[in-house]
Amino acid sequence: VSPSCITEQGEGEELLLLETQELPEASLKNAVFVFGENFVPEKAHKLNGAPLCIAASDNLPLLEGIAGSHPQVITCGMSPKDTFSCSGKSEHSAAISLLRETASSTGKKIEPLELIFSFSEDFSVYNLLAYAALLTLLGNIPEPPESPIVIR
């Protein structure tokens with residue numbers, strides 16, 4: 001769902017993706033919010049239901065804006081303090097590391113790991129980190145990952 005389009009794609013578990021320019025007040029169970037790298041809400045709203053939030057670690061206005069809701073925040077960036085970090089990137093691949101133990105959206109413990117992504121077009125480091133975090137937190141990564149994850 002975006003301001004200009006509503007589509008349904010894929011099969012399997014239901015997943016609702018919303019693209020918005022504002023941070024609405026939300027009360028959702030088992031929600032995962034993936035924030036754009038530079039997303040800054042005009043005003044802070046409560047995110048009820050203890051959602052998982054994936055955000056750039058250097059986006060301090062966003063992190064401060066959602067802090068009062070006490071969500072579980074998964075930070076993505078280039079710092080050793082981040083939950084997901086890029087340990088190497090070339091023109092057609094990247095190594096993304098989960099640096100500390102975390103829990104999936106279902107509560108399953110996930111140990112630190114490294115994921116190798118292979119792609120034909122360039123992606124921003126933050127987009128790769130957020131995608132890796134989302135795949136991992138939703139339980140879509142085999143443990144241990146056996147081969148590179150191909151992004152088409």
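The values are calculated or read from the model by the stated rules, or taken from the named source; none is laboratory data. Not measured: the values here are computed from a predicted model. Here the Cβ is made from the backbone with ideal geometry for all residues, glycine too, and neighbour counts use every protein chain on show. Only protein heavy atoms, including side chains, enter the accessible area calculation; ligands, DNA and RNA are left aside. Shrake-Rupley method; radii C 1.70, N 1.55, O 1.52, S 1.80 Å.
What to note about this one:
- In the condition set (1) modelled with pLDDT under 90; (2) surrounded by fewer than 19 Cβ atoms within 10 Å (Cβ to Cβ); (3) in contact with a strand residue (DSSP E or B) (Cβ under 8 Å, 6 or more places away or on another chain), GLU146 is compliant with all but (3).
- Answer from VAL34, VAL40 - the residue that is under 13 Å from the mean Cα position of the chain (by Cα), open to solvent by 10 Å² or more (accessible area, probe 1.4 Å) and among the aliphatic types (A, V, I, L, M): VAL34
- Here GLU111 passes the criteria (1) touching a Gly at 6+ places or on another chain (Cβ under 7 Å); (2) loosely packed, with under 11 Cβ neighbours inside 10 Å except the one numbered (1).
- Looking only at the stretch 50-66, residues that are surrounded by fewer than 16 Cβ atoms within 10 Å (Cβ to Cβ) and modelled with pLDDT of 75 or more come to 3 in all.
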